[in-house]
Amino acid sequence: MPDRWIEPLGLLTGPAATSAIEAGLALPLQGGPIAFTLARLIARGAEPLLLPVATIPPEWRGLLPPLIEAPAPFAGLVPRLGPGAPLVMGVVNITPDSVSGDGLLAAGLEGEALVEAALAQGQAMLAAGADMLDIGGESTRPGAAPVPPEEECRRILPVIRALAPLAPLSVDTRNALTMREALAGGARIVNDVSALRHDPSAAQVVAEAGAPLILMHMLGDDPRSMQEDPRYDDVALDVGAFLAGRLAAAEAAGIPRHRIALDPGLGFGKLLEHNLALLHRLPLLAGLGCPLLVGASRKRSIGRLSGAVEGGKARMPGSVAAALFAASRGGAILRVHDVAETAQALRVQQAALSGDTPADRR
Ligand code: HH2
């Protein structure tokens, strides 16, 4: 478990970042267009030290490579770092009870009609700018009851088969059986909110399939109880240490680091203050050397901050704001329900921060 961290601070973007890097006053965050000028050196139990990057002492410089070099492409998709640039993952929930209010089973759809609705939703997301789709058959909202893997497969497999020819798909599941069936059905990526802790066979299934994997932080291992009085010493360091541990466990099981993306798991055993701290301190997690995925879309924190307590689409504007902020802090993949709105906002953010007219708009 890492007991020392370099936390990037003093972030720059656009031409200022390029100039500061060239002048030796800044370093690139994961090799992308965001630069950091200051480093907070954190050793557990000691007072943190804030320094300009040029003066990071030699004994700390060994921590820099994963933080400043570009991570390997994820799932054959190059993680585009930088404000406005991330990959967009559209969420397709085949559930009756998703927190986001978009679960297709809630609309009472079944059989062919369900597959057609999911296909139409996925196609619309891809046309609107999604780079990949995340297909889930179990709600993991706080307090949700588990769905047996057989039922989960019954819900999602026809949809996966229909959408697989159109885009890279991830399967959002904690169950090894569902992972195996979904990968056989055409899904390419496994998205496990339990970070391979829920099902003892999951790591082997992912390793044998050679599939890219998303490891997410959840406090405890049960969505039914995760929101009961969540506590951390220091939420960013605790989540970082957890993800480092799960990364090591995945590697030990034969899943190479270059196939893994990491996710702080907003809303999974976290109060509003924890979610905000994690968004803010996302650059710290970049030091683990993997692309970072962020899922803030339509979550309860967005409702708390905005007053959109009723949930669902009412939380879209706040979700877009969170996505833009995550992009500006090094998020490489954004998991969102409102693809068109997020993609539009990201394009404008990217152009505004770079000060350049995009090539396809000249
Ligand atoms: N959030 C949800 C589900 N899966 N996977 C990752 N990697 N990161 C997340 O933040 C994440 C996730 C919850 O959102 P949603 O799918 O809208 O709700 P539900 O679980 O109720 O279906």
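The numbers here are math on the coordinates, done by the rules we state, and not lab data. No experiment lies behind these values; they were computed from the predicted model shown. Every residue, glycine among them, receives a Cβ derived from its backbone with ideal geometry; neighbour counts consider all protein chains shown.
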Taking loop as defined by DSSP and a crowding limit of 13 other beta carbons within 10 Å, which GluC sites (Glu not before Pro) in segment 246-326 fit?
310
When the Karplus curve 6.51 cos²θ - 1.76 cosθ + 1.60 is applied with θ = phi - 60°, which whole-Hz ³J(HN,Hα) does each residue of segment 23-36 get, with x for Gly and Pro?
7, x, 9, 8, 10, x, 7, 6, x, x, x, 8, 10, 10
Output the peptides 188-198, 136-146, 330-340, 221-231 sorted from most to least packed, where packing is the average of other Cβ atoms within 10 Å over each peptide's residues.
330-340, 188-198, 136-146, 221-231
Residues whose modelled amide H sits under 5 Å from the amide H of residue 26, counting only those 5 or more places away in sequence or on another chain, are 21
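Looking only at Cα atoms, what is the convex hull volume of the chain per residue, in Å³?
129 Å³
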One would report the antiparallel percent of DSSP beta bridges in the chain, rounded to the nearest 5, as 35 percent
For a quick check, take a GNM of the chain with Cα springs below 10 Å and name the residue from 286, 35, 113 with the largest mean-square fluctuation.
113
Most fluctuating residue of 76, 45, 186 in a GNM of the chain with Cα springs under 10 Å: which is it?
45
Give, in nm to one decimal, the length gained when the segment between residue 55 and residue 119 is fully stretched (0.36 nm per residue of separation minus the Cα-Cα distance).
17.7 nm
What Kirkwood radius, in Å to one decimal, follows from the Cα pairs of segment 218-362?
16.4 Å
Give the calculated FRET efficiency between residue 222 and residue 201 to the nearest 0.05, with a Förster radius of 22 Å applied to their Cβ-Cβ distance.
0.75
To the nearest 0.05, the calculated FRET efficiency linking residue 351 and residue 69 through their beta-carbon distance, R0 being 25 Å, is 0.40
